[in-house]
1. Could you please let me know if Leu45 is open to solvent by less than 60 Å² (accessible area, probe 1.4 Å), within 18 Å of Ile6 (Cβ to Cβ) and within 9 Å of the chain's Cα centre (by Cα)?
2. Mind listing whichever residues of the stretch 9-33 are in contact (Cβ under 8 Å) with a residue 40 or more places away in the chain and either open to solvent by 70 Å² or more (accessible area, probe 1.4 Å) or in contact with an Asp or Glu (Cβ under 7 Å, 6 or more places away or on another chain) (or both)?
3. Being part of a helix (DSSP H, G or I), among the hydrophobic types (A, V, I, L, M, F, W, C) and open to solvent by 50 Å² or more (accessible area, probe 1.4 Å) is the filter here; which residues of the stretch 53-79 pass it?
4. Which ones in the stretch 80-92 are under 20 Å from Tyr28 (Cα atoms), part of a loop (DSSP other than H, G, I, E, B) and hydrophobic (A, V, I, L, M, F, W, C)?
Amino acid sequence: MNDLQIPAFRRGYRMQWEAAQESHVVLYPEGMAKLNETAALILELVDGKQSVAAIIATLDARFPEAGGVGEDVKEFLQSAIEQKWIMCREPA
C-alpha cells in the first residue's frame, strides 16, 4: 500500500454504530467485527475518495498530540485489507 492509493470498503461490507455492542462494527455477509475507537476513527474516513495520505493528514490534524499517526494508520489499513474489509485502488 502506498500513500496515493484510495481505500474503500469491499462490496457487502460497511461500518456502522451498533447500539447493542455499544461500539462501531464492520458488518459483512458472514457476520460482524467489533471495532475499538481508534479503528472506527480510521475507518470512518475510508470513503473510496480519500487517499491514504489524506486520511493520515486528517488524523494528524485531529490529534496533533499523537506526534504523527502515519505508520499506525498504514498498519491498521493493511490489517483491514488482510481481513478483506477494504481494498485499495490506484488514483484515476
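1. Details: open to solvent by less than 60 Å² (accessible area, probe 1.4 Å): yes; within 18 Å of Ile6 (Cβ to Cβ): yes; within 9 Å of the chain's Cα centre (by Cα): yes.
Against the criterion (open to solvent by less than 60 Å² (accessible area, probe 1.4 Å), within 18 Å of Ile6 (Cβ to Cβ) and within 9 Å of the chain's Cα centre (by Cα)), Leu45 qualifies.
2. Keep residues of the stretch 9-33 that are in contact (Cβ under 8 Å) with a residue 40 or more places away in the chain, which gives 9-10, 13, 26, 28, 33.
Scanning the stretch 9-33 gives a single hit, Arg10.
3. Quick first cut of the stretch 53-79, residues part of a helix (DSSP H, G or I) only: 53-62, 64-66, 70-79.
Subsequent filtering for residues that are among the hydrophobic types (A, V, I, L, M, F, W, C) retains 53-57, 59, 61, 66, 73, 76-77.
Within the stretch 53-79, Ala57, Ala61, Ala66 meet the criteria.
4. The one that is under 20 Å from Tyr28 (Cα atoms), part of a loop (DSSP other than H, G, I, E, B) and hydrophobic (A, V, I, L, M, F, W, C): Trp85.
The values are calculated or read from the model by the stated rules, or taken from the named source; none is laboratory data. Being a predicted model, the structure only gives us computed values, none of them experimental. A quick note on method: Cβ atoms are made from the backbone with ideal geometry, for glycine too, and the neighbour counts reach across all protein chains shown. When the accessible area is computed, the model is the full protein with side chains, heavy atoms only, and any ligands, DNA or RNA have been set aside. Shrake-Rupley method; radii C 1.70, N 1.55, O 1.52, S 1.80 Å.
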